[in-house]
Amino acid sequence: MNVAVTHFNYLAVVVLMMIGLYVLFSTGNLIKRMIGLALFQTSTALFYISLGKVSGGTAAIKIYPDSPEARALAAPLDPTYVQQFGVGGVVYSNPLPHVLILTAIVVGVATLSVGLSIAVRIREAYGTVEAGEIEAVARLDTADAGRDP
Amino acid sequence: MILFEALYVAPPALTAQAPILVIAGPLIGACAAALSPGGRTAWMVSMLTAAFALWMAVAVAGEVAREDVIDYALGGFAPPMGIALRIDALGATMALLVASIGVMGALYSGHALESEVKAEKHTLFQSGYLLCLAGFLGLVFTGDAFNAFVFLEVSSIGTYALVAVGEARDRRALPAAFNYLIFGTVGATLYVLGVGFLYAATGTLNMVDMAMRLATLGDNSAVQAGLAFVVAGLGVKAAMFPLHGWLPGAYAGAPSLVSVFLAATATKAAIYLIIRFVFDVFPEGEFGEIFLSWILAPLAAAAVIICSVQAVFEKEVRRILAFSSVAQVGFILLGVSLATPAGLSAGVFYLVAHALMKGALFMAVGAFAISVRARTVEDFSGIAREAPWSAAAFGVGAASLGGVPLTMGFLAKWSLVSAALETGEIWIVAVLAIGSLLTLIYVGRMLEAMFFRAPGRGAERAREAPVGVLAPLFVLAGLSLWFGVDATLPVSMVNASVSALVGAAP
């Protein structure tokens, strides 16, 4: 139970990821599949953000030491903890995972848009976005293979 | 690599920046191709850029031959903080392979596109092609695990679009491209997750740094989960059995240039990254050995047998070649899974051999496709009488695929068998023998139809392809023959790669 409470964000990652995968493979609708894929990708974003979190840490934007802001941020924390993990009296979260996931989000948006535009082209060529119906037509195409165009 | 030692192809100032120019060149070329006014201009841009990338790749290979490893800090930010390119003999070999195929593909695209891609799409097609080239070259050069993901996706997004363009010839390309996108993105996301685990365990993304920290850290479950996610994710991109579902449809539906380029480079770049992670980043130990001999080897063996059988029963030529590709990935990974220097070098040699022969085969199929719309083996009957030169090149590629002596494919299979015998894994030898027999069956079926049957309905209208298509086709087929007789160049490069990886030459 204790682990479930302290690591609940990781549990959320697992649950989100599984929902995404389930949507991806259970539905035949291409648009819904893209939604599942988006959910699946987004769960990794949450995973990375969780990795970068330092308890009591603030966003990694430089705050001058001994400024009122720095004192206010350090006030609720244990002074030895701040001494050990802080920079100039302020504890920061690890910014690297944020930067990484920003890149991954951009990549994800690009993939989604390519996927959706292919879905549009499929709709134009087959008249449907249901995988089952597309397969039925594609099977006819395969049977046609070899016949003169 | 010894042959490259005395090679100074570029001025020193350019050579120093060559690692990034190999990647930046095609990226800039992709923008230029997209902005160019017409298909011809875009093709010129594509040719020039690919040639430039090859030139720079040769310059890098020369530098690697002299210095063993090049570390290039991007923007002058030193690793492990900054992103670094790190090129050893294996990376240089892969880059030479990818860039050479890139040049051949660009040359080939001059005529081949006209019959398969709508004229107004040519500029964007060339742009996507160069984007893929940049992605694959970046993938083999990068020394940063997350940067590898970005290059993986740069190349993949280009590939999805390129496969979908095949709709003009065969509308099944569209669902195939969509399927590929779903599989590929799930694979890439798993890879990112794996890198996340490794980052959580080590606090670094630089591969060399990660390897050093993992060596002192030893095995723990986060590291093992990381490796599992990374290999599963890359396995999708490499079409590792049973994650290969996207491949047959994509190769069969894509324009032939895209099939050539994908078969010769896409899966190979992913295999390269798997080798890099398993042998370079991950520490030696029990877990790695169990992974290689109990997961990778059986899956590779299953790929060899099952997909060869599927290829035997397949009707369409492109799908036969596609299933054969999955089986050949199995051959490559079987060699890698032996984990001995001999096995690894056999795997990498097979990788190069397969890239050349499958490139030639898909190019030849594309050369036929210019004049006739032929899909099934039946359609190809007697085509050798109408288009003898393309058919001859197809024959050479097929002979190499089947492992006929005096071709590169024979040497590759031979070194694989001797590496397996050396380790005493008799079952692997048996799998290789069965796989080779099955390969001979489907290769024989295609060759029999092409060379020994009377021309069918379709083949009578077949014409020989133009010189612009035949030239790159002959280069690839010729290399398969040349390296089958005198394999000094690939063998020296492969040996240097293996000693860079595991520190011992085979």
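The values are calculated or read from the model by the stated rules, or taken from the named source; none is laboratory data. What you are looking at is a predicted structure, and each value in this text was computed from that prediction instead of being measured. All Cβ positions, even for glycine, are placed from backbone atoms using ideal geometry, and neighbour counts span all protein chains on display.
Of the residues making up region A:76-117, those that are under 19 Å from B:Asp144 (Cα atoms) and more than 10 Å from chain B (Cβ to nearest Cβ) are A:Pro95, A:His98, A:Leu102, A:Ile105. Can you tell me which residue is nearest to B:Ile28 (Cα to Cα) among those in region B:106-152 that are surrounded by fewer than 24 Cβ atoms within 10 Å (Cβ to Cβ) and among the acidic types (Asp, Glu)? Here the residue is B:Glu120. Restricting attention to region A:1-58, and to residues there that are within 12 Å of chain B (Cβ to nearest Cβ) and in a loop (DSSP other than H, G, I, E, B), which single residue is farthest from B:Thr202 (Cα to Cα)? Looking at the filtered set, the residue picked out is A:Gly28.
Within region B:179-229, the residues that satisfy the criterion of being within 14 Å of chain A (Cβ to nearest Cβ), under 26 Å from the mean Cα position of the chain (by Cα) and of a type in the set (Val, Ile, Thr) are B:Ile182, B:Thr185, B:Val186, B:Thr189, B:Val192, B:Val195.
Scan region B:199-209 and tell me whether some residue there is among the acidic types (Asp, Glu) and out of contact with any helix residue (DSSP H, G or I) (no Cβ under 7 Å at 6 or more places or on another chain). So far as region B:199-209 goes, yes, one or more of its residues are among the acidic types (Asp, Glu) and out of contact with any helix residue (DSSP H, G or I) (no Cβ under 7 Å at 6 or more places or on another chain). Do we have B:Gly484 as free of Cβ contacts under 8 Å to residues at least 12 places away in the same chain and either crowded, with 21+ Cβ neighbours inside 10 Å or more than 25 Å from B:Ala322 (Cα to Cα) (or both) here? Judged against the criteria, B:Gly484 is not a match. Filtering region A:56-66 for residues that are without any contact (Cβ under 8 Å) to a residue 12 or more places away in the chain and not aromatic (Phe, Trp, Tyr) leaves a non-empty set.
Residues that are over 26 Å from the mean Cα position of the chain (by Cα), in a loop (DSSP other than H, G, I, E, B) and of a type outside the set (Ser, Thr, Tyr) within region B:353-397 comprise B:Val372, B:Arg373, B:Gly382, B:Ala387, listed in sequence order.
Across region B:346-365, the number of residues qualifying as in contact with a Gly (Cβ under 7 Å, 6 or more places away or on another chain) and within 18 Å of B:Leu447 (Cβ to Cβ) comes to 4. Looking across region B:462-480, just one residue is hydrophobic (A, V, I, L, M, F, W, C), surrounded by fewer than 17 Cβ atoms within 10 Å (Cβ to Cβ) and modelled with pLDDT of 85 or more, and that is B:Ala471.
Which pairs turn up if I take residues in region A:1-30 that are within 17 Å of A:Ala131 (Cβ to Cβ) and look for partners that are in a helix (DSSP H, G or I) and of a type in the set (D, E, K, R) with beta carbon separation below 7 Å, at least 6 apart in sequence or on another chain? Close Cβ pairs satisfying both conditions: A:Val23/A:Lys32; A:Leu24/A:Arg33; A:Thr27/A:Arg33.
Of all residues in region B:1-57, those satisfying the criterion of being polar (S, T, N, Q) and either outside any helix (DSSP H, G or I) or in contact (Cβ under 8 Å) with a residue 24 or more places away in the chain (or both) are B:Thr15, B:Ser36, B:Thr41, B:Ser46, B:Thr49.
Scanning region B:4-48 for residues that are at pLDDT below 80 and under 23 Å from the mean Cα position of the chain (by Cα) yields a single hit, B:Phe4. Looking only at residues of region B:163-178 that are facing chain A (nearest Cβ under 7 Å) and among the hydrophobic types (A, V, I, L, M, F, W, C), we find that the one that is farthest from B:Gln126 (Cα to Cα) is B:Phe178.
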